[in-house]
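Below you'll find the structure, written out as structure tokens, and then a few comments.
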Amino acid sequence: MLTNTHPATLSGYEPLTSEQRTEFLERGVVLVRNALSEEHRQRLEDAVDRVYAEEKAAGGVRDDGVLHLLGFLPRDESFGELLTHPTVFPYLWGVAGWNIYSHHNHLDVTPPARGEEPPSWGWHQDGYRQNSDPETLDPTQPRPMLSLKVGYVLSDLSRTGRGATKVIPGSHLQNTLERPADNTDPSNAVEITAEPGDAFIFDRRLWHSRSANLSAVTRKILFVGYTYRWIRPLDDMPIDRSSAWWQNRTPVQRQLLGESPDTINYWGVKWNGYVDEDIPLRHELRERGLLDRSIPWLR
Ligand SMILES: O=C(O)CCC(=O)C(=O)O
């Protein structure tokens, strides 16, 4: 698995090298080491613990203690900042371009499993009907990427058996995955054994699965998904436009939260059919000289 380390002072607009882009496009996953500083990781974990307590009080936590909270970003200032987190943001615009937003994000707390469970089959590609509705007489192989997801690892997943995400590197280029009768994992599956503060980014087509948390450590991860603005939101994520949280968001972050002046803007153009140069992320990339005619999504 590709790994990176980063200095502390990044803007999020450092372009990927062509090797980084090619490696991601070929493997469908990248692990970014030390994506969060320890102070930042702790701040996020504190916010997760606060939200967990709120959800528990409101009856939103399962009996086994699992919390899978969709649309969590507006629940804390530190969550909103993740939208453009500098150590991973170059992968998002570098691989998906400027016409993107977060259609889906979830906060996951997974306490140790209560007992031994028989192997269950959780392998999937993301996107639900995106994997079947467009499949006509001549299905596309591979399917189009359509979305990317970042997992910010807050707890220690450096050893196997702690509920880490399992992936099959390179499997995003295959539309099917064989399922054995006994539900055991494919032989080329790997657990993303990440340290606290690492992040991983994956292509939604990458075959992936949860794993059981057989350890004594509660797993905490924040997932932030990004897709093209012409695809509908998956989460119900109401945002109070008068809140300090919204006021604190930058124009690019507001785009990434789904803001748009009109319907055509989601398609990247104005009503006259020309590219809308005022779309915040496009504007930012253009100002920084990062648009690139040789890369379709960065044109
Ligand atoms: O929780 C995990 O490890 C995997 C999550 C997952 O399957 C997904 O985000 O689509």
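The values are calculated or read from the model by the stated rules, or taken from the named source; none is laboratory data. As the structure is a computational prediction, the values presented were derived from the model and not from experiment. Here Cβ is always computed from backbone atoms with ideal geometry, including for glycine, and neighbour counts include all displayed protein chains. Please note that ligands, DNA and RNA were not included when accessible areas were found on the heavy atoms of the full protein model with its side chains. Shrake-Rupley method; radii C 1.70, N 1.55, O 1.52, S 1.80 Å.
Would you confirm whether any residue within region 120-140 is under 30 Å from Ala244 (Cβ atoms) and open to solvent by less than 20 Å² (accessible area, probe 1.4 Å)? Within region 120-140, none of the residues are under 30 Å from Ala244 (Cβ atoms) and open to solvent by less than 20 Å² (accessible area, probe 1.4 Å). Looking across region 105-115, the residues that are in contact (Cβ under 8 Å) with a residue 60 or more places away in the chain and either not hydrophobic (A, V, I, L, M, F, W, C) or not in a loop (DSSP other than H, G, I, E, B) (or both) come down to Asn105, His106, Leu107, Asp108, Val109, Thr110, Pro111, Pro112.
Within region 208-222, being outside any strand (DSSP E or B) and either within 10 Å of the ligand (Cβ to nearest atom) or farther than 30 Å from Pro142 by Cβ (or both) holds for Arg210, Ser211, Leu214, Ser215, Ala216, Val217, Thr218.
Return yes or no: is Asp182 touching a residue at least 60 places away in the same chain (Cβ under 8 Å), under 19 Å from Gln253 (Cα atoms) and away from the ligand (no atom under 14 Å from the Cβ)?
Judged against the criteria, Asp182 is not a match.
Cβ separations smaller than 9 Å between residues 6+ apart or across chains give no pair from region 220-247 residues that are farther than 22 Å from Ser147 by Cα and touching a residue at least 12 places away in the same chain (Cβ under 8 Å) to residues that are among the basic types (Lys, Arg) and within 16 Å of the ligand (Cβ to nearest atom).
Of the residues making up region 21-46, those that are open to solvent by less than 40 Å² (accessible area, probe 1.4 Å) and not in a loop (DSSP other than H, G, I, E, B) are Arg21, Phe24, Val29, Val30, Leu31, Val32, His40, Arg41, Leu44, Glu45. Inspect region 96-117 for any residue being more than 24 Å from Ala212 (Cβ to Cβ), more than 16 Å from the ligand (Cβ to nearest atom) and touching an Asp or Glu at 6+ places or on another chain (Cβ under 9 Å) and give the result as yes or no. Looking through region 96-117, at least one residue is more than 24 Å from Ala212 (Cβ to Cβ), more than 16 Å from the ligand (Cβ to nearest atom) and touching an Asp or Glu at 6+ places or on another chain (Cβ under 9 Å).
Among Asp236, Asp240, Asp262, Asp198, which is the only one that is buried (at least 17 other Cβ atoms within 10 Å of the Cβ) and away from the ligand (no atom under 11 Å from the Cβ)? Full working, then the answer.
Numbers: Asp236 fails: buried (at least 17 other Cβ atoms within 10 Å of the Cβ); Asp240 fails: buried (at least 17 other Cβ atoms within 10 Å of the Cβ); Asp262 fails: buried (at least 17 other Cβ atoms within 10 Å of the Cβ).
When all the criteria are applied, what remains is Asp198.
Among the residues of region 68-89, those identified as open to solvent by less than 10 Å² (accessible area, probe 1.4 Å), closer than 16 Å to Phe200 by Cα and either free of Cβ contacts under 8 Å to residues at least 60 places away in the same chain or part of a helix (DSSP H, G or I) (or both) are Leu82, Leu83, Phe89.
Before we move on, is Gly65 open to solvent by less than 60 Å² (accessible area, probe 1.4 Å) and at positive phi? In short, yes.
With the condition kept exactly as written, say whether any residue in region 125-141 is of a type in the set (Ser, Thr, Tyr), under 23 Å from Ala216 (Cα atoms) and not in a helix (DSSP H, G or I). Checked region 125-141: no residue is of a type in the set (Ser, Thr, Tyr), under 23 Å from Ala216 (Cα atoms) and not in a helix (DSSP H, G or I).
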